[in-house]
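Heads up: the structure comes next, in C-alpha coordinates.
The values are calculated or read from the model by the stated rules, or taken from the named source; none is laboratory data. Keep in mind it's a predicted model, so treat the numbers as computed, not measured. No Cβ is skipped: glycine too gets one built from the backbone with ideal geometry, and neighbour counts run over all protein chains shown. Quick note on the areas: whole protein, heavy atoms, side chains included, nothing else; ligands and nucleic acids left out. Shrake-Rupley method; radii C 1.70, N 1.55, O 1.52, S 1.80 Å.
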Amino acid sequence: MTEVRAGMLLVASPELHDPNFVDTVVLLIDVDESGVLGVVLNRPSPVPVADVLDPWADAVAVPDVLFQGGPVSPEAALA
(Lines give C-alpha, C1' and ligand atoms only; values in the text may rest on other atoms or scores of the structure.)
Protein backbone atom coordinates (compact mmCIF):
# COMPACT_ATOMS: atom_id res chain seq x y z
CA MET A 1 0.00 0.00 0.00
CA THR A 2 1.19 3.53 -0.82
CA GLU A 3 2.08 5.82 2.07
CA VAL A 4 -0.49 8.61 2.45
CA ARG A 5 1.10 12.06 2.35
CA ALA A 6 0.22 15.72 1.83
CA GLY A 7 -0.36 16.65 -1.80
CA MET A 8 -2.08 13.39 -2.71
CA LEU A 9 -5.56 13.24 -4.18
CA LEU A 10 -8.04 10.74 -2.78
CA VAL A 11 -10.81 9.78 -5.19
CA ALA A 12 -13.89 8.12 -3.68
CA SER A 13 -14.56 4.67 -5.05
CA PRO A 14 -18.06 3.86 -6.33
CA GLU A 15 -18.49 1.49 -3.37
CA LEU A 16 -18.15 4.35 -0.84
CA HIS A 17 -21.67 5.26 0.25
CA ASP A 18 -20.90 7.67 3.12
CA PRO A 19 -22.90 10.81 2.19
CA ASN A 20 -20.03 13.04 3.35
CA PHE A 21 -17.65 11.62 0.77
CA VAL A 22 -19.66 10.00 -2.06
CA ASP A 23 -18.21 11.03 -5.47
CA THR A 24 -15.59 13.29 -3.88
CA VAL A 25 -12.04 14.20 -4.76
CA VAL A 26 -10.06 15.21 -1.66
CA LEU A 27 -6.71 17.01 -1.67
CA LEU A 28 -4.66 16.04 1.39
CA ILE A 29 -3.24 19.16 3.02
CA ASP A 30 -1.55 17.73 6.12
CA VAL A 31 -0.82 14.20 7.29
CA ASP A 32 0.74 13.40 10.66
CA GLU A 33 0.39 11.03 13.59
CA SER A 34 -2.68 12.88 14.90
CA GLY A 35 -4.67 12.61 11.66
CA VAL A 36 -5.26 13.94 8.18
CA LEU A 37 -6.54 17.31 6.94
CA GLY A 38 -7.97 17.53 3.45
CA VAL A 39 -10.29 19.61 1.33
CA VAL A 40 -13.00 18.43 -1.04
CA LEU A 41 -12.24 19.86 -4.48
CA ASN A 42 -15.38 19.03 -6.41
CA ARG A 43 -18.28 20.22 -4.28
CA PRO A 44 -18.90 23.93 -4.94
CA SER A 45 -21.59 25.67 -2.90
CA PRO A 46 -23.85 28.45 -4.19
CA VAL A 47 -22.27 30.89 -1.68
CA PRO A 48 -19.93 33.50 -3.19
CA VAL A 49 -16.63 33.99 -1.39
CA ALA A 50 -17.39 37.73 -1.17
CA ASP A 51 -20.47 37.00 0.97
CA VAL A 52 -18.35 35.36 3.67
CA LEU A 53 -14.75 36.50 3.18
CA ASP A 54 -15.08 39.89 1.50
CA PRO A 55 -11.36 40.80 1.79
CA TRP A 56 -10.58 37.69 -0.31
CA ALA A 57 -13.11 38.48 -3.07
CA ASP A 58 -10.51 39.86 -5.50
CA ALA A 59 -8.04 37.03 -4.85
CA VAL A 60 -10.16 34.02 -5.80
CA ALA A 61 -10.40 32.35 -9.18
CA VAL A 62 -13.49 31.16 -11.03
CA PRO A 63 -15.67 29.73 -9.70
CA ASP A 64 -15.61 32.41 -7.00
CA VAL A 65 -17.71 30.39 -4.55
CA LEU A 66 -17.02 28.51 -1.34
CA PHE A 67 -16.58 24.76 -1.62
CA GLN A 68 -18.13 22.46 0.94
CA GLY A 69 -16.98 19.21 2.41
CA GLY A 70 -17.52 17.29 5.52
CA PRO A 71 -17.59 16.64 8.24
CA VAL A 72 -16.38 20.15 9.09
CA SER A 73 -17.38 22.97 11.37
CA PRO A 74 -20.00 25.27 9.82
CA GLU A 75 -18.38 28.19 11.67
CA ALA A 76 -14.97 27.81 9.98
CA ALA A 77 -13.37 28.03 6.55
CA LEU A 78 -10.09 26.74 5.20
CA ALA A 79 -8.36 28.93 2.64
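(1) loosely packed, with under 15 Cβ neighbours inside 10 Å; (2) modelled with pLDDT of 90 or more: which one isn't true of LEU28, the others all being true?
Here LEU28 clears every test but (1).
If we scan the stretch 63-79, do we find a residue that is in a helix (DSSP H, G or I), touching a helix residue (DSSP H, G or I) at 6+ places or on another chain (Cβ under 9 Å) and either surrounded by 10 or more Cβ atoms within 10 Å (Cβ to Cβ) or modelled with pLDDT under 90 (or both)?
No, every residue in the stretch 63-79 fails to be in a helix (DSSP H, G or I), touching a helix residue (DSSP H, G or I) at 6+ places or on another chain (Cβ under 9 Å) and either surrounded by 10 or more Cβ atoms within 10 Å (Cβ to Cβ) or modelled with pLDDT under 90 (or both).
Determine the pairs where a residue that is among the small types (Gly, Ala, Ser), located within the stretch 54-66, has a partner that is modelled with pLDDT of 90 or more and open to solvent by less than 70 Å² (accessible area, probe 1.4 Å) with Cβ atoms under 7 Å apart, the partner being 6 or more residues away or on another chain.
Hits for this filter: ALA57/VAL49; ALA57/ALA50.
Show the residue pairs that are 6+ apart or on different chains and have beta-carbon atoms under 7 Å apart, the first residue being within the stretch 2-21 and within 18 Å of PHE67 (Cα to Cα), the second being part of a loop (DSSP other than H, G, I, E, B) and of a type in the set (Val, Ile, Thr).
That search, which allows pairs on different chains as well, returns ALA12/VAL22; ALA12/THR24.
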